[in-house]
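Asks: Sending over a structure as structure tokens; questions will come in a sec.
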Amino acid sequence: MNARIQIENLSFKYPSRPGRSRSYIFRGLSAAFEAGSSVALLGPNGAGKSTLLNLLAGHLKPSEGRALIGGTDISKMPADEAAKLVSVVPQEHHPAFNFTARDMILMGRAPHNGFFGIVSESDHEIVVEVSKKTDLEGLLDNEYTKLSGGERKRVILARAMAQQTPVMLFDEPEAHLDIRHQHMFFKLISGLARDENKLCIYSVHNPSLALRYSSVVILMDAVGENIIIGPTTEVMTCRNLETAYKVKFGMAEGGSMGALLYVET
């Protein structure tokens, strides 16, 4: 199925409760994201980045509007069918049982293995392939719960890659990773979009990573009223970032590294 996502008048609000300052997290959001795009979700804490990802994954139902993947409303899709279209890399993952890293990655093949879940030789070959790409070759037989936070993050990325879905969603992929693996992670994401024609959408706290690795940016402010969507170079201006984050930004030429973004003090 085509990886294209169409958002039509999408709105979401949590049930009202005392002390909640805003009802709608965001309202009337419309946009389209094409296969081959690397889409960064930017904005301060509480802007609604994780909420939007959960709507696109079908984990939440919109208050109004809909999100379509390949023309199908993801919120109305059976979970087993959705798992063939969308894979998710969460911020945290705590399994109920102590699996090895290999077992965790192999779980990504479950949507493709039918009712009996029979694992084939090709499934094991896919596990080896994605473990090479995520720098996990020497850790496959280690217990998942005994891995570091960054290693576990890479295992969950490898699991999502093994799932082989046209749409991949990532919630703060840089969390728990050192600088080297942050850039490895984002290079992989942008490579999956560019080379395998996937649609990759991720929330990210560091605007510099979005500037370097994304092709499209969704910039959200703290109250969900000023959401800017467009090509990275058009959205990632100091003025737009200052409006969203309420701090002053500067940008300098970085030679082969592209533009460099910094916060002015």
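The values are calculated or read from the model by the stated rules, or taken from the named source; none is laboratory data. This structure is a prediction, so every number in the text was calculated from the model and none was measured. For neighbour counting, all protein chains shown are included, and Cβ atoms are generated from backbone atoms with ideal geometry for every residue, glycine included.
Asks: Among residues belonging to segment 201-247 that are among the basic types (Lys, Arg) and out of contact with any Pro (no Cβ under 8 Å at 6 or more places or on another chain), point out the one that is nearest to residue 165 (Cα to Cα).
Replies: The first filter runs over segment 201-247 and keeps only residues among the basic types (Lys, Arg), leaving 212, 239, 246.
From what is left, the residues that are out of contact with any Pro (no Cβ under 8 Å at 6 or more places or on another chain) are 212, 239.
Values: 212: 24, 239: 36 Å.
Filtering segment 201-247 for residues that are among the basic types (Lys, Arg) and out of contact with any Pro (no Cβ under 8 Å at 6 or more places or on another chain), the one nearest to residue 165 (Cα to Cα) comes out as 212.
Asks: From the residues in segment 228-265 that are of a type in the set (S, T, N, Q) and at pLDDT 90 or above, which one is nearest to residue 36 (Cα to Cα)? First the steps, then the outcome.
Replies: Quick first cut of segment 228-265, residues of a type in the set (S, T, N, Q) only: 232-233, 237, 240, 243, 256, 265.
Narrowing further to those that are at pLDDT 90 or above: 232-233, 237, 240, 243.
On the way: 232: 14, 233: 17, 237: 23, 240: 25, 243: 29 Å.
Among those residues, the one meeting the criterion is 232.
This table checks each residue for (1) assigned to a helix (DSSP H, G or I); (2) assigned by TED's automatic domain parsing to the domain that holds residue 190; (3) within 23 Å of residue 79 (Cα to Cα); (4) touching a residue at least 12 places away in the same chain (Cβ under 8 Å).
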| residue | (1), (2), (3), (4) |
| --- | --- |
| 98 | no, no, no, yes |
| 104 | yes, no, yes, yes |
| 108 | yes, no, yes, yes |
| 119 | no, no, yes, yes |
| 131 | yes, no, no, yes |
| 135 | no, no, no, yes |
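Asks: Taking residue 45 as meeting all but one of (1) buried (at least 16 other Cβ atoms within 10 Å of the Cβ); (2) of a type outside the set (A, V, I, L, M, F, W, C); (3) more than 12 Å from the chain's Cα centre (by Cα), write down the number of the exception.
Replies: Of the numbered conditions (1) buried (at least 16 other Cβ atoms within 10 Å of the Cβ); (2) of a type outside the set (A, V, I, L, M, F, W, C); (3) more than 12 Å from the chain's Cα centre (by Cα), the odd one out for residue 45 is (1).
Asks: Looking at residue 89, is it crowded, with 17+ Cβ neighbours inside 10 Å and closer than 27 Å to residue 182 by Cα? Steps first, answer last, please.
Replies: Details: crowded, with 17+ Cβ neighbours inside 10 Å: yes; closer than 27 Å to residue 182 by Cα: yes.
When the stated conditions are applied, residue 89 passes them.
Asks: With the structure loaded, tell me whether residue 209 is assigned by TED's automatic domain parsing to the domain that holds residue 45 and either at pLDDT 95 or above or touching a Cys at 6+ places or on another chain (Cβ under 9 Å) (or both) or whether it fails that test. Before you say what the answer is, go through the steps one by one.
Replies: Details: assigned by TED's automatic domain parsing to the domain that holds residue 45: yes; either at pLDDT 95 or above or touching a Cys at 6+ places or on another chain (Cβ under 9 Å) (or both): no.
No; evaluated as a whole, the condition is false for this residue.
Asks: Can you go through 53, 10, 29, 41 and tell me which one is assigned by TED's automatic domain parsing to the domain that holds residue 205, in contact with a helix residue (DSSP H, G or I) (Cβ under 6 Å, 6 or more places away or on another chain), within 23 Å of residue 219 (Cα to Cα) and aliphatic (A, V, I, L, M)? Write out each step before concluding.
Replies: Working: 53 fails: in contact with a helix residue (DSSP H, G or I) (Cβ under 6 Å, 6 or more places away or on another chain); 10 fails: in contact with a helix residue (DSSP H, G or I) (Cβ under 6 Å, 6 or more places away or on another chain); 29 fails: in contact with a helix residue (DSSP H, G or I) (Cβ under 6 Å, 6 or more places away or on another chain).
Answer to the selection: 41.
Asks: Check residue 240 against each of (1) of a type outside the set (A, V, I, L, M); (2) surrounded by fewer than 21 Cβ atoms within 10 Å (Cβ to Cβ); (3) assigned to a helix (DSSP H, G or I); (4) in contact (Cβ under 8 Å) with a residue 40 or more places away in the chain and name the one condition it does not meet.
Replies: (4)
Asks: Just the residues that are touching a residue at least 24 places away in the same chain (Cβ under 8 Å), among the acidic types (Asp, Glu) and over 16 Å from residue 31 (Cβ atoms), please, taken from segment 45-84.
Replies: 80
Asks: Could I ask something else about it? Looking at this structure, is residue 186 surrounded by 21 or more Cβ atoms within 10 Å (Cβ to Cβ), among the aromatic types (Phe, Trp, Tyr) and within 21 Å of residue 80 (Cα to Cα)?
Replies: Spelling it out, it is not the case that residue 186 is surrounded by 21 or more Cβ atoms within 10 Å (Cβ to Cβ), among the aromatic types (Phe, Trp, Tyr) and within 21 Å of residue 80 (Cα to Cα).
Asks: Return the pairs, sorted by first residue and then second, in which the second residue is at pLDDT 95 or above and among the hydroxyl-bearing types (Ser, Thr, Tyr), the first residue lies in segment 161-172 and is within 17 Å of residue 81 (Cα to Cα) and part of a loop (DSSP other than H, G, I, E, B), the beta carbons are less than 9 Å apart, and the residues are 6+ apart or on different chains.
Replies: Listed pairs, sorted by first residue: 164/87; 165/87.
Asks: Checking residue 141 against (1) over 25 Å from residue 69 (Cβ atoms); (2) out of contact with any helix residue (DSSP H, G or I) (no Cβ under 7 Å at 6 or more places or on another chain); (3) modelled with pLDDT of 95 or more, which single condition isn't satisfied?
Replies: (2)
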